[in-house]
1. Starting with the highest mean, order 8-17, 212-221, 186-195 by the number of other Cβ atoms within 10 Å, averaged over the residues of each peptide.
2. Using a Gaussian network model on the chain with a 10 Å cutoff between Cα atoms, which of Val146, Val200, Val52 fluctuates the most?
3. As a check on your grasp of the helix formula, calculate [θ] at 222 nm for the chain: sum -39500 (n - 2.57) over DSSP H runs of n ≥ 4, divide by the residue count, round to the nearest 500.
4. Take Leu91 and Ser59, extend 7 Å from each Cα along the Cα→Cβ direction, and tell me the distance between the two endpoints in nm.
5. Show me the helices of the chain, taken as full DSSP H stretches, that run 18 Å or more along their long axis by Cα and average 0.5 or above in Kyte-Doolittle hydropathy.
6. Could you order the peptides 96-104, 59-67 from most to least packed, using the average number of other C-beta atoms within 10 Å per residue?
7. Given a Förster distance of 41 Å, report the FRET efficiency between Leu169 and Phe70 from their Cβ-Cβ distance, rounded to the nearest 0.05.
8. So for each of 25-31, 201-207, 72-78 I average, over its residues, the number of other beta carbons within 10 Å; can you give me the resulting order with the highest mean first?
Amino acid sequence: MGPDAAAMASKFSFYSAVLAASVLAPGLCLVTTGVIALLQLRHPDQMWAFVVAQTRDLSTPLAIVVGLNFLSLSFIVGYLFRELSFWLVGLLERIPRFAALDAPELLGRLEAICGRQALDDCLRAHPLLAYYLSSPAPARHGTGRVHGGGHRENRGLLAFEYCKRRLRLESPALAVDNTEAEVNILASCLFPVLFVTAEVIWIGELPVTVDILAAVGSVGAWLGILMSLHRLRRTERIAAVTNLVYSKTVLPPLSPGPAPS
């Protein structure tokens, strides 16, 4: 296996693991809680007896088909609810206190972390990054077009995306893919926490004190996850640009194509 094929296989394995952890596993949790809730509505006193009776004589081929359909539904549900989580995070970032870093703030952070000389060298090597960080002032926060992950378009986002892609090409060891994976996994935890807590309170028949503690714990988990997402998304944006400054490898400029005949 050549180096390109090995890199492709490694990237595929990484993103497969991210999808399994941030889409499929939360989706399985959400679909399972939904099925249990429906069974509880239809068979409130004999739910588990009904499940055992319906699955006792299930043939192996049919069980495989049902399992594959269950996994497919879980993937779809997990993906949709992860996008809903990012939409909520995007709404949170419309609040000035939690706003994503824009170009002027990124430039100030970079100069403070890397020094003016290293920053100037990087901007000379990457004129498009210099354009994103220093060209006309962006539109008022919150008015930009929404991108993946709930990000709103501004110069800071464009600089971040540029640096993230350059690092993947030039210096994979400095890429911020691990932080991106952590952000995805954290975002995917929001609705499973909510659904499981609601089901425990509804079906668990636990003392009122336990129900209150579960609700308070769910609220605390949501706040903790949202704050962690805010911190990691800011860290990811700073790290991508900072790591490109520290990267010493620069791809050669694209050569012009042949002149049209």
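1. Descending packing order for the listed peptides: 186-195, 212-221, 8-17.
2. Maximum among the listed residues: Val52.
3. Computed ellipticity for the chain at 222 nm equals -24000 deg cm²/dmol.
4. 4.8
5. For the chain, where a helix must reach 18 Å along its axis and average at least 0.5, the hits are 3-19, 25-42, 60-92, 190-203, 208-246.
6. Highest to lowest by the protection proxy: 96-104, 59-67.
7. Once the sixth-power term is evaluated, E becomes 0.60.
8. Highest mean packing first, the order is 25-31, 72-78, 201-207.
All of the numbers you see were taken from the coordinates with simple rules; none came from a lab. What you see is a predicted model, and the numbers here were worked out from it, not measured in a lab. Cβ: placed from backbone, ideal geometry, glycine included. Neighbour counts: every protein chain shown.
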